[in-house]
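A short worksheet on the structure shown next.
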Number of protein chains: 2
Amino acid sequence: MQGAALSALRLPFGFAAGGEYHRRRHCRSSGGFGVRMALREDGPSLAIVGVTGAVGQEFLGVISDRDFPYRSIRMLASKRSAGRRLTFEGNEYVIEELKEESFDGVDVALFSAGGSISKAFGPAAVARGCVVVDNSSAFRMDPEVPLVIPEVNPEAMAHIKVGSGKGGLIANPNCSTIICLMAATPLHRQAKVKRMVVSTYQAASGAGAAAMEELELQTREVLDGRPPTCNIFKQQYAFNLFSHNAPVQPNGYNEEEMKLVKETRKIWNDEEVKVTATCIRVPVMRAHAESVNLQFEKPLDEDTAREILRGAPGVVVIDDRASNHFPTPLEVSNKDDVAVGRVRQDISQEGNHGLDIFVCGDQIRKGAALNAIQIAERLL
Amino acid sequence: MQGAALSALRLPFGFAAGGEYHRRRHCRSSGGFGVRMALREDGPSLAIVGVTGAVGQEFLGVISDRDFPYRSIRMLASKRSAGRRLTFEGNEYVIEELKEESFDGVDVALFSAGGSISKAFGPAAVARGCVVVDNSSAFRMDPEVPLVIPEVNPEAMAHIKVGSGKGGLIANPNCSTIICLMAATPLHRQAKVKRMVVSTYQAASGAGAAAMEELELQTREVLDGRPPTCNIFKQQYAFNLFSHNAPVQPNGYNEEEMKLVKETRKIWNDEEVKVTATCIRVPVMRAHAESVNLQFEKPLDEDTAREILRGAPGVVVIDDRASNHFPTPLEVSNKDDVAVGRVRQDISQEGNHGLDIFVCGDQIRKGAALNAIQIAERLL
């Protein structure tokens, strides 16, 4: 990914009328008779809610990349996008307006259209026997709703079955939480995290496709000596960074930071774990980075930690001190694995009770679409 | 600074033969007879070592902005630049090749030409009775050399006098240390910092003027779909970030991080204070940001902390939660003050014993040139 052009980081915008979903990285050949491997009579019927958004598009990319089986897909979006056509894996689809009836006969619905849409349509989908995997924050802290990273706490959704007729709702954690816990959990299992101090370096993609476009536009404008267009963010983003734009709560933390605090407790099923976070938006396209300081109950040396991380599913260790090669957002963009490096004994703590690590993960992929589809895979 | 064009963040490159030093922000009128206020018979004779570099240029800007008095300035650089002319405050100077004899009759020399130049020429300057303020890391950890932030520990250099004939050497701390301690020290005085976890967001300028140019060039290239030119950094910097390029030490910390650890101890004269740091380079031009988590010996509530910071010299508090307005690198670029915001009680610590803060400061200015000239001002 060194020297990747910006185009490789963009989303596959192809949703004009008759638009085609363009594969970002590779085009696998179709199966016989023009039928894709993933299109199977015994696969579930899917619905994608918010298919025109950044995560919605990535859902399609991940389904394709992973040969996720399906016998049908309903492409759902707002009224504004309804009627547009898109071609996915050789089949043409018409985008439909999201309605409660959209979920009739749907086994699994992947939601990524914001919290209010999830609140309005999630329960209706469940009532129709559909299993909803929701990427919004609407239900994450609902004690009845499992909040799941498949590599971390798959047991939380063990009671939900696809096709049982009962339906169910599973929440996808926030991107920053997923990326942090992919690396922190294997270490937590070994030495029990007592306290975690996180500082994030978050990409434009977390604010959606329009934010990515705005970063690119602003950068061109600033380079040309023109004032930057500020529609999505209220301030210059190009060649700048700023505290995450989520609203600040009375305790001084913004909502993004509190997600990291609360979701970590829920996913680890540990109300005692101490977490503080500072969430910052940096001018990067689609992958988050996080500097994570860990305090452990039990000692854990850095070599053991590195070995544990090397063996952790969905984690890749990039930690080459001699050549100063560590994870970067660019290197993990469009990748599934979360990359961890800068693994070192925290010299501010006694007796090997602390580590500093630096984590990068694709915000749209493992931070959102991939995690949701991995949840669906586990359910099948 | 909202909507600032990139030109405002650039350095005043004006050092072609016969080039003129261009004031970035304002042109004050000259005094009578074309003589600038700062050019005074009773001012010290100055030398600037590395005058063609990013910090060297900023030395001139700060001298001008602050009406720093001088009766003469020797503009010193490598042989390569010798003979070029520059106009500063209405007077024309010829850049001279740096030699030991360059310091004959010089009262104060401001060095910013890298550690090896400081090692080679600093002692020679001191031997000639010159007071050297050195911006490199060459002497920072020398127990005989004061390491000074004027707002923090001016007492460390009380024994050094300009014009005493004895000479002397004072080290300017690393930019990240200065910016961090400008905010942390007032709080440390109140409640004693026990442990500090720092994550940095460092600008291109810390790697010099050529790095700033490379970031701009790379950004244009990536936007045009071309591969980025990687001369200063070995990897793509545009729309990316990476672990600071300083060499990694056997303990896993890079040298930039260890500067924060060691320099904090020296400046605070406190070998017990625990510091850990993760230093990251972000695609920002000339101001650093730092996320700082503080653990205190004594309780300190956030309102008191904010009041203390509001009263601290060289610090401005930008902490408007309602409008989500906090410090940004862009907002502090070309400014003297270090900005602090996101001041909040750390919810991961008990009994008001912790705070999280977010700090931004101009790397070239307070992080280097301004601090050095403030040191010189105190000495006069």
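The values are calculated or read from the model by the stated rules, or taken from the named source; none is laboratory data. What you are looking at is a predicted structure, and each value in this text was computed from that prediction instead of being measured. Positions of Cβ are generated from backbone atoms using ideal geometry, with glycine treated the same way; all protein chains shown enter the neighbour counts.
Brief remarks follow.
- Tallying residues that are more than 7 Å from chain A (Cβ to nearest Cβ) and either surrounded by fewer than 21 Cβ atoms within 10 Å (Cβ to Cβ) or aliphatic (A, V, I, L, M) (or both) within the range B:325-336 yields 5.
- Leading residue by the ranking (surrounded by the fewest Cβ atoms within 10 Å (Cβ to Cβ)) among those in the range A:261-319 that are without any contact (Cβ under 8 Å) to a residue 12 or more places away in the chain and closer than 23 Å to B:T276 by Cα: A:D303
- Scope the range B:337-353; condition more than 21 Å from the chain's Cα centre (by Cα) and buried (at least 19 other Cβ atoms within 10 Å of the Cβ); matching residues: B:R342, B:V343, B:R344, B:Q345, B:D346, B:S348, B:Q349
- Every residue from the range A:185-205 that is of a type in the set (G, A, S) and away from chain B (no Cβ under 14 Å): A:A191
- All positions within the range B:354-380 that are more than 15 Å from B:D337 (Cα to Cα) and more than 17 Å from the chain's Cα centre (by Cα): B:G354, B:L355, B:D356, B:I357, B:L379, B:L380
- You will find that of B:V316, B:V273, B:V332, the residue that is among the hydrophobic types (A, V, I, L, M, F, W, C) and either at pLDDT below 95 or touching a Gly at 6+ places or on another chain (Cβ under 7 Å) (or both) is B:V332 and no other.
- Unique match (being out of contact with any His (no Cβ under 8 Å at 6 or more places or on another chain), within 30 Å of B:Y70 (Cβ to Cβ) and not small (G, A, S)) among B:I149, B:I179, B:I232: B:I149
- Check on B:S176, at pLDDT below 95, of a type in the set (S, T, N, Q) and either in contact with a helix residue (DSSP H, G or I) (Cβ under 9 Å, 6 or more places away or on another chain) or more than 17 Å from B:V284 (Cβ to Cβ) (or both): no
- Hits in the range B:89-112 - residues which are in contact with a Ser or Thr (Cβ under 9 Å, 6 or more places away or on another chain), at pLDDT 95 or above, within 24 Å of B:G163 (Cβ to Cβ) and surrounded by 14 or more Cβ atoms within 10 Å (Cβ to Cβ): B:Y93, B:E96, B:L98, B:V106, B:D107, B:V108, B:A109, B:F111, B:S112
- Residue selected from the range B:337-369 under the condition free of Cβ contacts under 8 Å to residues at least 60 places away in the same chain and of a type in the set (D, E, K, R), by the criterion nearest to the other protein chains (Cβ to nearest Cβ): B:R344
- Failed item in (1) assigned to a loop (DSSP other than H, G, I, E, B); (2) closer than 23 Å to B:L241 by Cα, with A:I357 passing the rest: (1)
- Filtered by the rule that a residue be hydrophobic (A, V, I, L, M, F, W, C) and either away from chain B (no Cβ under 11 Å) or more than 27 Å from A:I170 (Cα to Cα) (or both), the range A:261-291 gives A:I267, A:W268, A:I280, A:V282, A:V284, A:M285.
- Subset of the range B:179-195 (residues that are more than 25 Å from B:V145 (Cα to Cα) and touching a helix residue (DSSP H, G or I) at 6+ places or on another chain (Cβ under 7 Å)): B:L187, B:Q190
- Conditions (1) in contact with a Cys (Cβ under 7 Å, 6 or more places away or on another chain); (2) in a helix (DSSP H, G or I); (3) closer than 19 Å to B:V198 by Cα: number failed by B:P327: (2)
- Complete set of residues in the range B:230-260 that are more than 7 Å from chain A (Cβ to nearest Cβ), without any contact (Cβ under 8 Å) to a residue 60 or more places away in the chain, crowded, with 16+ Cβ neighbours inside 10 Å and not charged (D, E, K, R): B:I232, B:F233, B:Y237, B:A238, B:H244, B:A246, B:N254, B:M258
- Within the option set A:I318, A:I375, being closer than 19 Å to A:E58 by Cα and more than 9 Å from chain B (Cβ to nearest Cβ) holds for one residue only, A:I375.
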